[in-house]
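Encoded as C-alpha cells, the structure appears first; notes follow it.
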C-alpha cells in the first residue's frame, strides 16, 4: 500500500490528522481524514484512519463503514481492515491475518522487538514453553533433548535463546525478512527461511523433526487445523509439538480488540485428538501483559502418537 495518496495537500492533511489522533483529538482527526478522502477518495489508509478515529469517538457503526471502504480498496490486506471489522463482531474473521499485514507489522517492529517485548509487555513465552516441554518430557519418560527442531515464526530468535542447549540442530522460518536478519545474528540456527509457517511445514519431509515450536505465532492465525495436520506429518512418533496461544472462551477461535486471535482449550484438544496427538501439557499461562494486565493464554505441549 502506497505511503502517499499522490496529492501533496491530501498527504499534508493526513499527517495533521495522524498528529491529532496521537493526541487523542479523535474529532479533529476524523474531520481531517474526511478532508483527505474528499481529495483522494480511493486511498485506503485515509478510510482506515477515519475508522480508527470514529472508533475513538465510540461510533462503532461509522468505524465499520470506514474500515469496509478500506478493505475494499486494500487488495493485499496489508492494513488489517478485515481484522478490525472482525474484532467488532461484524463479520466472520479471516482464517488468518493477511500475510502482507503480518510481514509489514514485524518488518517495522523488528528494530525494537526484543526490548519492547521484554520490557514493555513482560513477554515470557519462550521461558514458559521451555518449562512445559521439560515437564512433558518428564511425564513421558523421555530425555529432554531433541535432534531436529523447527521454530515456526522464529522472529529474532527468542525461542532459540531458551532451547538451543537442548537441540542438536534448529531450523526456523518467519514471514518478516527483517526478523530473519535478527535471527541470523543469534547464531543458533542451522537454517533460516523467509516463509509463511504453513508453507514452511508443507516443505518439510515426513517424520523429519522431533520437535516443532511456535511461540506467540498462532495469535496471527485463526484456523489451526492445516498447521496441526502438517505438524502431525512432519513430527516423528514420540516427538513434541509445543506452542502458546491467547485463550478464547466459548468460540473455537476469535479476533480480539488487540487484533490477535484467541483459541479455546476445547478447540486445541479436538484438533490434537483428530490429528494423532496426545495432550501432555495444556496449562493456563499468560505470556505477556497488555496495559499492565496479564493476557489470558494457554501453553500446550502435544506428543505425536
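Assorted remarks:
- Strands (runs of 3 or more DSSP E) fully within region 220-266 that include at least 3 residues being surrounded by fewer than 17 Cβ atoms within 10 Å (Cβ to Cβ) and in contact (Cβ under 8 Å) with a residue 24 or more places away in the chain: 235-247.
- Residue 60 vs. criteria farther than 18 Å from residue 219 by Cβ, in contact with a strand residue (DSSP E or B) (Cβ under 7 Å, 6 or more places away or on another chain) and either in contact (Cβ under 8 Å) with a residue 12 or more places away in the chain or surrounded by fewer than 18 Cβ atoms within 10 Å (Cβ to Cβ) (or both): no
- Across region 67-89, the qualifying residues are those that are in contact with a helix residue (DSSP H, G or I) (Cβ under 6 Å, 6 or more places away or on another chain) and over 17 Å from residue 257 (Cα atoms), and the one among them that is surrounded by the most Cβ atoms within 10 Å (Cβ to Cβ) is 70.
- Of all residues making up region 203-218, the number that are free of Cβ contacts under 8 Å to residues at least 60 places away in the same chain and out of contact with any helix residue (DSSP H, G or I) (no Cβ under 6 Å at 6 or more places or on another chain): 4
- Test: residue 153 is within 20 Å of residue 298 (Cβ to Cβ) and free of Cβ contacts under 8 Å to residues at least 12 places away in the same chain: no
- The residue list 118, 112, 135 contains one member that is surrounded by fewer than 17 Cβ atoms within 10 Å (Cβ to Cβ), modelled with pLDDT of 95 or more, in a helix (DSSP H, G or I) and over 16 Å from the mean Cα position of the chain (by Cα), which is 135.
The values are calculated or read from the model by the stated rules, or taken from the named source; none is laboratory data. It should be emphasised that the depicted structure is a prediction, and the values quoted were computed from it without experimental measurement. With ideal geometry, Cβ positions are generated from the backbone for all residues, glycine too; neighbour counts draw on all protein chains shown.
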